[in-house]
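Peer 1: Starting off with a structure, shown below.
The values are calculated or read from the model by the stated rules, or taken from the named source; none is laboratory data. Here the structure is a predicted model, which is why all the values come from computation and not from measurement. Here the Cβ is made from the backbone with ideal geometry for all residues, glycine too, and neighbour counts use every protein chain on show.
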Amino acid sequence: MITPVNLQQHYRILKDEGISLPDLFTVPTIPLKEKLLRKFGVPIARKLPIKGQYLLTSAVKRFRNPTGKLKLNYPLDFPECQIIAEKVKEHNLKPWWGKRAVVCVSHDVDNSQGLRFVTKMADIDSSYDLPSTFNFLTHDDYEFDNDLIRSLIHDGFEVGLHGYTHDQGFAFRNPKNMKKLLQKAGQVLFAENFVGYRSPALSVSEQLFQALGESNFLYDSSLQIASPFYHSVRIPFPFYMEKYGIWELPLMVQDDNYFRDTNTPEDLILESITRFINEIIELNGVFVINFHPHLMIKRENFYKNLIKTIKAHHDVAFATMEKVIEYAKGDISQ
């Protein structure tokens, strides 16, 4: 099994404890009702204006969480992570550029509203010396802007693919068409060596991962950890999925969990994020957090406060997702 060169001790602990990462990182089987809804219902809903789409999907999210209370799984809620934390606590390991953990901030650009706020978000991230990853759609409701892509890459950001369109049923389409659309999207994306992917609405399937591997993506970041409404891989480490020839860098949490699944006050969100980071530090793991630009337009001050909160942790490194995978592979200096 291919393992991160900087997390050998952690992987040995998991092996010695009989914890199978291939089992945890198995692509989940999606219930038939959800699969049909994503394949056939969502395309109809996408004919609505953006505001209508947002209201509809928000209503669906609230339906699955009618109390509106914050429901998240934190890393140390999982017994596997408890074991790792207990085994490494005395060693003061610093496997990420001399730091105990690493934070990756990403931005999935879902629509034209989000696209218009990308430059502002990049400016905010730059002002806090925060490298981040912007994932774009190539054939959706906004015109793809190569000049913007060039500017982001020049300023040290990573550019990844979020899809040909924001098709929430993409993972369940015909495999040949899926691969064809991935290749077309890649041809449009200016970043010649873009390597990362996150699926629209985090929709996944075996055929999607197969197509990603065959299309030479380095990593995916669509599997989740914290959401109680989806399959959790539990372990906040990069994992090489040998079956598909692709790395998985699981998503810990995103703004949807706070602003759409719930109505969480901003001070409690900051407390939640702080807890995530503190627990990630105990595990020497990777904290991947996603913020959609369109959800931050009216929350700019909150986003700045959140970045300040994250940057206040001096035991963590900050990197793009691509750099984290390269580092775990040993392709860049340890």
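Peer 1: Could you say whether any residue in segment 90-97 is surrounded by fewer than 18 Cβ atoms within 10 Å (Cβ to Cβ), out of contact with any helix residue (DSSP H, G or I) (no Cβ under 7 Å at 6 or more places or on another chain) and among the basic types (Lys, Arg)?
Peer 2: Yes, the conditions are met somewhere in segment 90-97.
Peer 1: Separate question: List every residue pair whose Cβ atoms lie under 7 Å apart, where the two residues are 6 or more positions apart in sequence or sit on different chains, the first residue falls within segment 15-39 and is within 14 Å of Pro79 (Cβ to Cβ), and the second residue, located anywhere, is at pLDDT 75 or above.
Peer 2: Glu17/Ile83; Ile19/Glu80; Leu24/Val233; Leu24/Arg234; Leu24/Ile235
Peer 1: Tell me the residue from Lys35, Lys51, Lys15 that is assigned to a helix (DSSP H, G or I) and modelled with pLDDT of 95 or more, please.
Peer 2: Lys15
Peer 1: May I ask you to say which residue of Lys184, Lys180 is of a type in the set (Lys, Arg), without any contact (Cβ under 8 Å) to a residue 12 or more places away in the chain and more than 30 Å from Ile281 (Cα to Cα)?
Peer 2: Only one candidate passes the filter, namely Lys180.
Peer 1: Only residues that are of a type in the set (Lys, Arg) and outside any helix (DSSP H, G or I): list them for segment 254-280, please.
Peer 2: Arg260
Peer 1: What's the number of the only condition in (1) surrounded by fewer than 20 Cβ atoms within 10 Å (Cβ to Cβ); (2) at pLDDT below 95; (3) of a type in the set (Val, Ile, Thr) that Thr274 fails to meet?
Peer 2: In the conditions (1) surrounded by fewer than 20 Cβ atoms within 10 Å (Cβ to Cβ); (2) at pLDDT below 95; (3) of a type in the set (Val, Ile, Thr), Thr274 misses (2) alone.
Peer 1: Among all residue pairs at least 6 apart or on different chains, which show Cβ distances below 7 Å where the first residue, located in segment 106-125, is touching a residue at least 40 places away in the same chain (Cβ under 8 Å) and the second is basic (Lys, Arg) and in a helix (DSSP H, G or I)?
Peer 2: Every condition considered, the pairs that remain are Ile124/Lys304.
Peer 1: Please state which one of Lys180, Lys184, Lys176 is surrounded by fewer than 22 Cβ atoms within 10 Å (Cβ to Cβ), of a type in the set (Lys, Arg) and closer than 23 Å to Leu32 by Cβ.
Peer 2: Answer to the selection: Lys176.
Peer 1: Test Asn65 against the criterion of being closer than 15 Å to Ser227 by Cβ, modelled with pLDDT under 85, surrounded by 16 or more Cβ atoms within 10 Å (Cβ to Cβ) and not hydrophobic (A, V, I, L, M, F, W, C), and give yes or no.
Peer 2: yes
Peer 1: What number of residues in segment 232-263 are surrounded by fewer than 18 Cβ atoms within 10 Å (Cβ to Cβ) and either of a type in the set (D, E, K, R) or touching a Leu at 6+ places or on another chain (Cβ under 6 Å) (or both)?
Peer 2: 2
Peer 1: Oh, and also: Six or more apart or on different chains, Cβ under 6 Å: which pairs go from a residue in segment 193-204 that's at positive phi to one that's modelled with pLDDT under 95? Could you list them?
Peer 2: Hits for this filter: Ala201/Gln168.
Peer 1: Return the residue satisfying two criteria in turn: it lies in segment 84-102 and is modelled with pLDDT of 95 or more and assigned to a loop (DSSP other than H, G, I, E, B), and of such residues it is nearest to Thr133 (Cα to Cα).
Peer 2: If we take residues in segment 84-102 being modelled with pLDDT of 95 or more and assigned to a loop (DSSP other than H, G, I, E, B), then Trp97 is nearest to Thr133 (Cα to Cα).
Peer 1: Something else now. Just need a number here: residues in segment 85-126 that are of a type in the set (Phe, Trp, Tyr), over 20 Å from the mean Cα position of the chain (by Cα) and over 24 Å from Ala312 (Cβ atoms).
Peer 2: So the answer is 0.
Peer 1: When both residues are 6+ apart or on different chains and their Cβ atoms are under 6 Å apart, which pairs have a first residue that lies in segment 155-172 and is over 17 Å from Leu218 (Cα atoms) and crowded, with 22+ Cβ neighbours inside 10 Å, and a second that is modelled with pLDDT of 95 or more and among the charged types (D, E, K, R)?
Peer 2: none
Peer 1: Looking at segment 121-154, which of the residues that are in contact with a strand residue (DSSP E or B) (Cβ under 9 Å, 6 or more places away or on another chain), under 25 Å from Lys308 (Cα atoms) and β-branched (Val, Ile, Thr) is surrounded by the fewest Cβ atoms within 10 Å (Cβ to Cβ)?
Peer 2: The extreme case among them is Ile153.
Peer 1: Here's another thing I want to ask about it. For Pro236, indicate whether it is under 24 Å from Pro75 (Cβ atoms), modelled with pLDDT of 95 or more and either part of a loop (DSSP other than H, G, I, E, B) or in contact with a strand residue (DSSP E or B) (Cβ under 6 Å, 6 or more places away or on another chain) (or both).
Peer 2: Considered against the rule, which asks whether it is under 24 Å from Pro75 (Cβ atoms), modelled with pLDDT of 95 or more and either part of a loop (DSSP other than H, G, I, E, B) or in contact with a strand residue (DSSP E or B) (Cβ under 6 Å, 6 or more places away or on another chain) (or both), Pro236 comes out as yes.
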